[in-house]
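The structure appears right after this line, and notes come after that.
The values are calculated or read from the model by the stated rules, or taken from the named source; none is laboratory data. Everything numeric here is computed off the predicted structure, so don't read it as measured data. Cβ: placed from backbone, ideal geometry, glycine included. Neighbour counts: every protein chain shown. Ligands, DNA and RNA are stripped out before the accessible areas are found, and what is left, the full protein with its side chains, is counted by its heavy atoms. Shrake-Rupley method; radii C 1.70, N 1.55, O 1.52, S 1.80 Å.
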Amino acid sequence: MDGGWTCYDVTEIMPAAAKPAKPRAISRPKSAAERQARVSDILKRLDEMYPNVTCALVHRTPWELLVATILSAQSTDKLVNQVTPGLFKKYPTIQDFAALRPEVLAHDIHSTGFFNNKAKSIVGAAKKILADFAGQVPRTMEEMLTIPGAARKTSNVVLGTAYGIASGVVVDTHVQRISRRLDLTRNTDPVKIERDLVKIIPKEKWILFSHQIIHHGRALCTARKPRCADCRLEPLCYSRDKTV
Ligand code: SF4
């Protein structure tokens, strides 16, 4: 036994996991034609991942969808779907909602959060639709925007899902985040994001694209830790917070 010691190169014994992973370089489109081809590829891959997705809010009529969409702000579709069956059983018609005092409705929708504002919007919406639209949820963005509680996001959900009318792209928190990750927009304001998206997404895809991105945000491209290894958009995505 010589009592000596061996000098190791530390890089040989350092576990591979200790080295920071380098993100794989993805080439970016350089021309307008390449950018459009990339968007087409993204849409094709979304169709493969989410071929038949639609709005997760349970509803039977445009009015029920409008109420559910107002309730879904700062809440989850799952929670809203737990509340709405009982709500529509208790108040089956739009006239029932219009006759309510907002504080009474607030009690019924308490669990969805922001109940006072939501109750005021829903009662106001019911009154407006009865007064100006003969009790029918209108079919144009311009008219929708006159209804309490219906800004562009809610209006796009209702027009697209209830009537199949492509009025724009729904820009919720998922669409905001993922559109930026995919470099489809560099804006942060929802109205500007929608303006960017409708320029590059074909109109016949606006409704489906909104649902696909919302599903993608729930399934894989989550806010904190996107599951990029499972994402078919990964070869086209050069987001800085990718996890592969
Ligand atoms: S690769 Fe990652 S960050 Fe990019 S879209 Fe897919 S899940 Fe989101």
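In the set Leu46, Leu57, only one residue is open to solvent by less than 30 Å² (accessible area, probe 1.4 Å), modelled with pLDDT of 95 or more, not in a loop (DSSP other than H, G, I, E, B) and not assigned by TED's automatic domain parsing to the domain that holds Phe115; that residue is Leu46.
From the list His216, His174, the lone residue that is within 16 Å of the ligand (Cβ to nearest atom), modelled with pLDDT of 95 or more, outside the structural domain of Asp96 (by TED's automatic domain parsing) and open to solvent by less than 10 Å² (accessible area, probe 1.4 Å) is His216. Filtered by the rule that a residue be open to solvent by less than 50 Å² (accessible area, probe 1.4 Å) and away from the ligand (no atom under 15 Å from the Cβ), region 203-213 gives Lys205, Trp206, Ile207, Leu208, Ser210, His211.
Just to verify a result, which residue in region 177-195, among those that are touching a Ser or Thr at 6+ places or on another chain (Cβ under 8 Å) and more than 13 Å from Phe209 (Cα to Cα), is surrounded by the fewest Cβ atoms within 10 Å (Cβ to Cβ)? Out of the qualifying residues, it is Lys192.
Residues that are open to solvent by 50 Å² or more (accessible area, probe 1.4 Å): list the helices (runs of 4 or more DSSP H) wholly contained in region 85-161 that include at least 3 such residues.
102-108, 115-132
The residue pairs whose first member lies in region 221-244 and is more than 25 Å from Arg35 (Cβ to Cβ) and of a type in the set (Gly, Ala, Ser), whose second member is more than 8 Å from the ligand (Cβ to nearest atom) and modelled with pLDDT of 95 or more, and whose beta carbons are closer than 9 Å, counting only pairs six or more residues apart or on different chains, are Ala223/Thr173; Ala223/His174; Ala223/Arg177; Ala223/Gly217.
Per-residue answers, yes or no, for (1) without any contact (Cβ under 8 Å) to a residue 40 or more places away in the chain; (2) of a type in the set (Asp, Glu); (3) out of contact with any Ser or Thr (no Cβ under 6 Å at 6 or more places or on another chain):
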| position | (1), (2), (3) |
| --- | --- |
| Leu87 | yes, no, yes |
| Pro92 | yes, no, yes |
| Phe114 | no, no, yes |
| Ser121 | no, no, yes |
| Phe133 | yes, no, yes |
| Val137 | no, no, yes |
| Glu143 | yes, yes, yes |
| Thr154 | no, no, no |
| Ala166 | no, no, yes |
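Of Arg195, Arg224, all but one fail to be more than 17 Å from Thr161 (Cα to Cα) and outside any helix (DSSP H, G or I); the exception is Arg224. Cβ-Cβ distances below 8 Å connect the following pairs, each with a first residue in region 46-59 that is closer than 13 Å to Leu208 by Cβ, a second residue that is open to solvent by 80 Å² or more (accessible area, probe 1.4 Å), and a separation of six or more residues or different chains: Glu48/Arg232; Met49/Arg232.
In region 125-171, what count of residues is obtained for those that are of a type outside the set (A, V, I, L, M, F, W, C) and over 25 Å from the mean Cα position of the chain (by Cα)?
The qualifying residues number 5.
Of Cys237, Cys221, Cys228, all but one fail to be crowded, with 16+ Cβ neighbours inside 10 Å, in contact with a Lys or Arg (Cβ under 6 Å, 6 or more places away or on another chain) and on the phi < 0 side of the Ramachandran plot; the exception is Cys228.
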